[in-house]
């Protein structure tokens, strides 16, 4: 069964130093790609909400699905992607095509990726910047 178009997506990330994990001296390319894919979804009109366990623990506690998954499996279940009040993926970040499908979009519409520019000032957070 296909999902309704523009189905909201909620992401529950493991603890990271900043909200997207795209910070610090060594940025994980998978997190960069995932952030770009979420930006792409938002550009398609999909409501995307992202929670970081280190910064928003209450969001994890107040969602019964997430709370139960954490109690069963610990943080290894993270990241969790919740769609229509069910866990759609866990333990890994889905690719753009999967996110499009979960949101009820045509996966073929996801053929191009936006360009992401990282700061040219040396690579991420600096001590005292508040990023990490």
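Bear in mind that the values in this text are calculations on the coordinates, not laboratory data. Everything numeric in this text was worked out from a predicted model, so none of it was measured. When we count neighbours, we look across all protein chains shown, and the Cβ atoms used for this are built from the backbone with ideal geometry, even at glycine.
Before moving on, here are some points about what is shown:
- Contour excess over end-to-end distance, with Cα ends at residue 85 and residue 42 and 0.36 nm allotted per residue: 13.6 nm
- Chain lengthening between residue 56 and residue 68 when straightened (0.36 nm per residue, less Cα-Cα): 2.6 nm
- Percent of Cα-Cα distances greater than 18 Å, calculated over the stretch 9-109: 44
- For the peptides 87-97, 61-71, the ranking by packing is 87-97, 61-71, with the highest mean count of neighbouring Cβ atoms within 10 Å listed first.
- The stretch 9-109: relative contact order as a whole-number percent, Cα under 8 Å and 6+ apart: 33
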